[in-house]
Amino acid sequence: MSRSYTLGDFDFDLPPELIAQHPAAERSGSRLLDGTTEPPADRIFRDLPGLLRAGDLLVFNDTRVIKARLLGAKASGGSVEALVERVLPGHEVLMHLRASKSPKAGGRVRFVSGDGASHFDAEVLGRAGPEDSLFHLRFPSEPFALLERHGHVPLPPYITHADSAEDERRYQTVFAARPGAAAAPTAALHFDEALLAALDARGVKRAAVTLHVGAGTFQPVRTDNLAEHRMHSEWFDVPQATVDAIAATKAAGGRVVSVGTTTLRALESAAASGTLEAGSRDTSIFITPGFRFHVVDVLVTNFHLPKSTLLMLVSALAGHARVMALYRHAIDHRYRFFSYGDAMLLERHDNEEFR
């Protein structure tokens, strides 16, 4: 029987200077902690092709980060800061909104571009989401275009500098295709065109899913009993072509390599019935040790926050003791943490001894 875990089991002390504030000079020049060997090996991310096999299938999240952060003011003059969580039909959006006093339905908020040269007014329709934690607004025209013109790159809360041209380029994957994310699928930030070509030459195949990462990915767990934590909801899509590619890979003895926890969440959500099914919907899957994986064999992932749901997810895949030991190694060897940080490679362990 698997042991039970509490929040404290996923805590660790991280020196603040290890929180990466800027990306590595080259995407594939980040460090890669190879956790598939014993002892673990310190590598460079561009070594990844040599760690995979011909016939393996890399699955990426092709979501595109939008300029989801907006600054502005209410009609009364009070300042507001907003983060668009989801774009809806009819020019409507759901967003997190901070203001000294929450705007009411029927009110208007003016959002201003970073250079102050332009603005647009949005109508407040009311509250929405779990426990009315989000605001429902209607924009005057197509939201993605308005965000591109007036918004800011939604850098995570632990990155302390204002967004810049570097962030516009680097807080985005080279294969980003479908706009809608309020945070980047960060494990995929390490891939560049040269690395993708090397993977192709190795005989590693590629497929894609889409999961629009929400700001809830940074939401801390506040209850010691993990079963009481309520996960945020995110929209995902798994194409039939990806389902077919995974089936062919498994049949041929290849491994499914998930690039990032967001890809893993999409794949395992789509396989919740025990069989991987194509389609799109919302997921609030919460993966903790003891979870039964149906799809993913190997995971490429960055280093995650203490007490986070993502640290619980990687512990479910590779084993809690193993993952916590790898984190201690990463800290001792001065790896860079979080979104702009380094990465690790993990294999799935289903044996009880790894739980």
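The values are calculated or read from the model by the stated rules, or taken from the named source; none is laboratory data. Just so it is clear, the structure is predicted and the values come from calculations on it, not from any experiment. Glycine also receives a Cβ, built like all others from the backbone with ideal geometry; neighbour counts cover every protein chain displayed. Heavy atoms of the whole protein, side chains included, go into the accessibility calculation; ligands, DNA and RNA do not. Shrake-Rupley method; radii C 1.70, N 1.55, O 1.52, S 1.80 Å.
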Rounding to the nearest 10 and keeping the result within 0 to 90°, find how far the Cα-based axis of helix 320-332 lies from the longest principal axis of the chain. 80 degrees
Values of log10 I(q)/I(0), in the order q = 0.16 Å⁻¹, for the stretch 250-295 under a Debye, Cα-only, solvent-free model: -0.45
Using only the Cα atoms of the stretch 12-80, what do you get for the radius of gyration and for Dmax, in Å? 20.0, 62
Suppose all protein chains stay in the model; what accessible area per residue would a 1.4 Å probe give for the chain, in Å²? 42 Å²
Taking 7 Å along the Cα-to-C-beta vector as the label spot, tell me the Y158-A248 distance in nanometres, rounded to one decimal. 3.9 nm
Out of all DSSP beta bridges in the chain, what portion is antiparallel? Express it as a percent rounded to 5. 75 percent
At what distance in angstrom do the alpha carbon centres of the stretch 284-311 and the stretch 173-246 lie from each other? 12 Å
Formal net charge of residues neighbouring P239 (Cβ-Cβ distance under 14 Å; K, R +1; D, E -1): -1
Looking at L88, S100, S113, which one has the Cα that reaches farthest to the positive end of the dipole of the stretch 53-153 (charges on Cβ: Lys, Arg +1; Asp, Glu -1)? S100
Going by average Cβ density within 10 Å per residue, which order do the peptides 161-170, 229-238, 257-266 take, highest to lowest? 257-266, 229-238, 161-170
Degrees between helix 261-270 axis and first principal axis of the chain (Cα, 0 to 90, nearest 10): 80 degrees
Highest-fluctuation residue, A194, A215, A54 considered, GNM on the chain with Cα pairs under 10 Å: A194
Under 13 Å from the Cβ of D62, count the other residues' Cβ atoms, weight Lys and Arg +1, Asp and Glu -1, and hand me the total. +2
What does the net charge come to around R98 if you take all other residues with beta carbon closer than 12 Å to its beta carbon, with K and R at +1 and D and E at -1? +2
Counting only protein heavy atoms and using a 1.4 Å probe, what share of the accessible area of the stretch 176-305 belongs to carbon plus sulfur, as a whole percent? 50 percent
Where the only charges are on Cβ atoms (+1 Lys, Arg; -1 Asp, Glu), what is the dipole of the stretch 155-301 about its Cα centre, to the nearest 20 debye? 360 debye
Show me 6-15, 286-295, 243-252 ranked by packing, highest mean number of other Cβ atoms within 10 Å first. 286-295, 243-252, 6-15
Karplus-derived 3J(HN,Hα) from phi for the stretch 302-311 (6.51 cos²θ - 1.76 cosθ + 1.60, θ = phi - 60°), whole Hz, x at Gly and Pro, runs 7, 8, 10, 5, x, 6, 9, 5, 6, 5
Compactness of the stretch 1-120 - radius of gyration and Dmax, Cα, Å: 22.6, 62
Students sometimes get this wrong: rank S284, S100 by accessible area, probe 1.4 Å, all chains present, largest first. S100, S284
DSSP loop (so not H, G, I, E, B), at most 11 other Cβ within 10 Å: list which trypsin sites (Lys or Arg not before Pro) in the stretch 52-124 pass both filters. K101, K104
With -39,500 (n - 2.57) per DSSP H segment of 4 or more residues and division by the full residue count of the chain, the 222 nm estimate, nearest 500 deg cm²/dmol, is -6000 deg cm²/dmol
Cβ charges +1 (Lys, Arg) and -1 (Asp, Glu), total dipole of the chain, debye: 500 debye
Percent carbon-and-sulfur accessible area, the stretch 8-112, ignoring ligands, DNA and RNA, probe 1.4 Å: 51 percent
